[in-house]
Structure formats: C-alpha cells, structure tokens
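Everything on this sheet refers to the single structure shown next.
The values are calculated or read from the model by the stated rules, or taken from the named source; none is laboratory data. Source: prediction; values computed, not measured. Here the Cβ is made from the backbone with ideal geometry for all residues, glycine too, and neighbour counts use every protein chain on show.
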Amino acid sequence: KRIAIFASGSGSNAQKIMEHFKHHDTAEVALILSNNPDAYVLQRADNFEVPTHVFDRQAFYETDEVVRLLEKLHIDLVVLAGFLWLVPQNLLQKFPNKIINIHPALLPAYGGKGMYGDRVHQAILDAGEEESGITIHFVNEHFDEGEIIYQARFRIEPGDSLEVVKFKGQQLEHLHYPKIIENLLKKM
Ligand code: GRF
C-alpha cells in the first residue's frame, strides 16, 4: 500500500509516519506534497529519500496535475498532516474515503477555517477548557468536518501554557497517527 502525505509546514507528523513505515512490510510513504516550497517537511522527506512534489494554487485548484501524479504513483491513502489548503473536488472524487486529516482539538469543537496552529490551543486556553485532545477524521469539502475516525484526550492542568498544551497534543498525534494509518490500510 502506498501513502502520500500533504503538509504545508514543519512536518513533525510526516516525520513520525515516515519513521513508522520505513521498514514496514506492506506499506510505504511514496510521496510528500506541499503547497509551500520552503516547508521544512520537504527537507525531512529528502532525509528519508521520499520523493517530493510542490504545487501552486493554480495547479492545485485549476488542473488535474496533482490527481494525475497520485494516480501515476498508485497512491492508496492520502494523509493530510498540517496541510492548510482545502482539498478540491477532483481529488475528493478520485479518493473517496481515502483522504484523512489530523486536527489538534476534539472536533467538532475548535475546528474550521482559520483554526490551525497556535490559534487552536490559544482558543482552548482562553475558553478555560480542562481537557483537549486530537481528532483524526476523513476529509470532505469543508475544513475539519468529515467523519471522525479516532479521538484521544489529555488533561489541561491549571497553569498549563500554550506551549505545554501544544506539546501534549503533539505527543498524542505522533503516537496515534501512524497506527491509525496502518489500521486503515489493513482494511483497504
Ligand atoms: C498538527 O498539530 C496537526 O494537528 C495540524 O497541523 C499540525 C501540523 O504539525 N493539522 P506538523 O507540521 O506535523 O509538525
């Protein structure tokens, strides 16, 4: 089975996924894609000798370039990991129930357009929440709205800073995302 990961930034989740599948029997990360030519995730991909592809807005939303590349490489599962653009219809149609995302909150709370990165954790802290978590879900045409596959929770202790809350979330993401991907691939 062949995985493609879309990421716009650092790619710490992509890193964990590449590590997990590096010596795997039946699955591999076959491609890393980004809308951002400066994304650190591209460096990480090079370190793992995983091919990369960078695209711009016009190519992504007005051509089939990305879809054709995924088909050419026989991609089975599309994994979004810190990818900040909405997925276009042509891609959703070619990969029904085969595109997943991870979000650093307990959806449907603290999701949607503009809810990414530190803003999510800041909103959670501002609301005085005593717990937060992560959500892995199928992707549809809206931000953070597809069917939920998996959630994990952590406690927010009094005095936890934004960095601490972010770190707790990241730890859970890194632990669970590779395993959930592996489980989904087994069922395919
Ligand atoms: C993660 O927190 C993920 O939930 C969100 O974007 C962040 C990506 O982090 N969608 P990284 O690039 O994997 O380090």
The condition from (1) touching a strand residue (DSSP E or B) at 6+ places or on another chain (Cβ under 8 Å); (2) within 22 Å of Q151 (Cα to Cα) that L84 misses is numbered (1)
Residue count, the range 86-107, condition away from the ligand (no atom under 11 Å from the Cβ), in contact with a helix residue (DSSP H, G or I) (Cβ under 6 Å, 6 or more places away or on another chain) and not in a loop (DSSP other than H, G, I, E, B), comes to 3
In the range 1-45, anything touching a residue at least 60 places away in the same chain (Cβ under 8 Å), within 12 Å of the ligand (Cβ to nearest atom) and in a loop (DSSP other than H, G, I, E, B) is listed as A7, S8, G9, S10, G11
Out of (1) exposed (fewer than 15 other Cβ atoms within 10 Å of the Cβ); (2) under 24 Å from G169 (Cα atoms); (3) polar (S, T, N, Q), the one T26 does not meet is (2)
For the range 157-177, pairs from a residue that is without any contact (Cβ under 8 Å) to a residue 60 or more places away in the chain to a residue that is loosely packed, with under 12 Cβ neighbours inside 10 Å and not in a helix (DSSP H, G or I), with Cβ under 7 Å and 6 or more apart or across chains, are none
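Only one residue in Q122, Q151 is within 14 Å of the ligand (Cβ to nearest atom) and assigned to a helix (DSSP H, G or I), so which one is that? Even if it seems obvious, please write down each step before you answer.
Values: Q151 fails: assigned to a helix (DSSP H, G or I).
Criteria check complete, one pass: Q122.
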When every residue in the range 109-133 that is buried (at least 17 other Cβ atoms within 10 Å of the Cβ) and touching a strand residue (DSSP E or B) at 6+ places or on another chain (Cβ under 7 Å) is compared, the one nearest to R155 (Cα to Cα) is S132
Over the range 163-180, the set of residues more than 13 Å from the ligand (Cβ to nearest atom) and either surrounded by 14 or more Cβ atoms within 10 Å (Cβ to Cβ) or modelled with pLDDT under 95 (or both) is V164
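Residue-wise test of (1) more than 14 Å from the chain's Cα centre (by Cα); (2) part of a helix (DSSP H, G or I); (3) over 27 Å from L91 (Cα atoms); (4) not hydroxyl-bearing (S, T, Y).
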position: A109; (1), (2), (3), (4): yes, no, no, yes
position: G114; (1), (2), (3), (4): yes, no, no, yes
position: S132; (1), (2), (3), (4): yes, no, yes, no
position: V165; (1), (2), (3), (4): yes, yes, yes, yes
position: G169; (1), (2), (3), (4): no, yes, yes, yes
position: E173; (1), (2), (3), (4): no, yes, no, yes
position: P178; (1), (2), (3), (4): no, yes, no, yes
position: L185; (1), (2), (3), (4): yes, yes, no, yes
